[in-house]
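I have placed the structure first, in the form of structure tokens, so that the comments after it can refer back to it.
The values are calculated or read from the model by the stated rules, or taken from the named source; none is laboratory data. For clarity, every value in this text was computed on a predicted model and none was experimentally measured. Positions of Cβ are backbone-derived with ideal geometry, glycine not excepted, and every protein chain shown enters the neighbour counts. Heads up: the accessible areas ignore ligands, DNA and RNA and are worked out on the full protein's heavy atoms, side chains in. Shrake-Rupley method; radii C 1.70, N 1.55, O 1.52, S 1.80 Å.
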Amino acid sequence: MRRTDPLIVGGGPAGAAAAILLAGGAARPLIIDRNREAPDHLCGGFLGWDALAALAALGIDAAALGAAPIRRMRVIARGVRIESALPYAAAGLSRRTLDAALLAQAEKAGAGIERGVTVRAIDPAARSIRYDGGEEMSADALFLATGKHDLRGSSRPRAAAGADPAIGLRTRLTATPELARALAGTIELHLFAHGYAGLLLQEDGAANLCLSVAQSRLTAAGGTAEALIASLLEAPRLAERFGQARGHTAWQAVAAVPYGWRAEETPPGIFRLGDQAAVIASLAGDGVAIALASGRMAARHYLQGGAGAAPAYQRAFAAAARRPLRVAGALRAVGESPAAPALLGAFGRIPGLPALLARLTRIDGH
């Protein structure tokens with residue numbers, strides 16, 4: 001079977017954003033997603049001002065979806081704590097709700113969607129994909145939007161994750177009134193040696209807890225997320241927050257996260273989106289915003305130049321992502337270092353610095 005219209009592998013924010021613009025530009029994209037219903041993915045939950053603006057441009061009103069407003073940032077590192085107002089509006093929204101809304105908008109725009117279908121491999125030269133059952137499909141252009149999960153034939157270099165790779169962990173906490181009050185209107189970041197955690201409220205009243213931790217630190221703690229939290233003597237407030245919850249969902253995990261990696265080249269007809277294009281350290285960056293930006297930019301390049309515009313798109317997006325990834329990587333290194341408390345105290349005494357750093361981690365400075 002052969003198609004001449006774009007195939008999009010992955011129905012998250014990057015893939016859905018590309019589909020909405022492609023369909024609006026008279027293309028007939030087909031999204032292939034392995035999930036029958038939008039799940040709560042490991043990454044996401046925080047929507048910065050740039051993500052909210054991008055969603056509005058795609059016809060998605062996050063407030064109408066119930067997104068919990070976030071106006072302040074609280075950073076805690078080994079007893080040092082700073083709070084500041086965010087420079088612009090932000091919000092907490094589960095990936096389940098966000099992805100469902102984006103896919104519905106893509107379908108409304110005219111994109112086709114196949115759910116519950118797993119793609120196992122890609123042949124870039126043939127611009128074809130192979131399904132779990134062995135069937136193949138090809139198109140004039142493939143948009144790879146599989147998040148942090150690689151496909152055989154298009155894997156990111158394993159060395160990009162480093163010698164002691166980061167592990168991503170996530171759970172959803174059932175918030176008590178005490179925890180809800182503590183997090184109301186706030187995103188809370190907890191810094192510790194070789195890792196960090198983010199905590200915020202979502203539209204359903206649950207608290208989204210995401211951690212990034214070096215594999216060595218997780219192994220030393222016993223290999224489980226709960227053992228890690230219990231072992232974080234330098235982050236007692238995180239354990240306190242965890243203990244304030246009534247319960248939590250099963251932990252999700254993804255290994256060897258290649259923070260700082262960018263796809264700088266791609267063959268004609270292969271557009272890499274989201275984490276398949278650039279992976280930003282979530283301590284300072286907004287992965288959802290980068291995903292949306294990549295999907296929109298890729299779609300525009302395709303509509304203007306067809307499948308042959310993929311290399312130009314990839315170079316352009318890599319250039320746009322260079323500074324945000326470097327700044328976010330530097331902030332991650334500071335946050336995970338023993339000097340974090342002293343540096344955090346200094347940051348808190350410089351007016352406007354948190355806002356400046358937040359802007360520097362955004363694509364095109366948004």
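Descriptive notes on the structure:
- Residue in the stretch 296-311 that is in a helix (DSSP H, G or I), touching a Leu at 6+ places or on another chain (Cβ under 8 Å), open to solvent by less than 30 Å² (accessible area, probe 1.4 Å) and of a type in the set (Phe, Trp, Tyr) present: yes
- Condition met for ALA197 (at pLDDT 95 or above, surrounded by 23 or more Cβ atoms within 10 Å (Cβ to Cβ) and under 30 Å from ALA89 (Cβ atoms)): no
- Residue within the stretch 246-263 that is open to solvent by 60 Å² or more (accessible area, probe 1.4 Å) and more than 22 Å from the chain's Cα centre (by Cα) present: yes
- Residues satisfying the stated conditions in the stretch 194-206, i.e. of a type in the set (Gly, Ala, Ser) and in contact with a Lys or Arg (Cβ under 7 Å, 6 or more places away or on another chain): GLY195, ALA206
- Total residues in the stretch 35-51, condition crowded, with 22+ Cβ neighbours inside 10 Å and outside any loop (DSSP other than H, G, I, E, B): 4
- Restricting the stretch 133-166 to residues that are of a type in the set (A, V, I, L, M, F, W, C) and crowded, with 22+ Cβ neighbours inside 10 Å, the residue that is modelled with the lowest pLDDT is ALA166.
For (1) over 24 Å from the mean Cα position of the chain (by Cα); (2) without any contact (Cβ under 8 Å) to a residue 60 or more places away in the chain, each residue gets a yes or a no:
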{"residue": "GLY195", "(1), (2)": "no, no"}
{"residue": "LEU209", "(1), (2)": "no, yes"}
{"residue": "ALA214", "(1), (2)": "no, no"}
{"residue": "ALA220", "(1), (2)": "yes, yes"}
{"residue": "ILE229", "(1), (2)": "no, yes"}
{"residue": "ARG237", "(1), (2)": "yes, no"}
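- Yes/no for ARG181 being in contact with a strand residue (DSSP E or B) (Cβ under 9 Å, 6 or more places away or on another chain) and either in a strand (DSSP E or B) or on the phi < 0 side of the Ramachandran plot (or both): no
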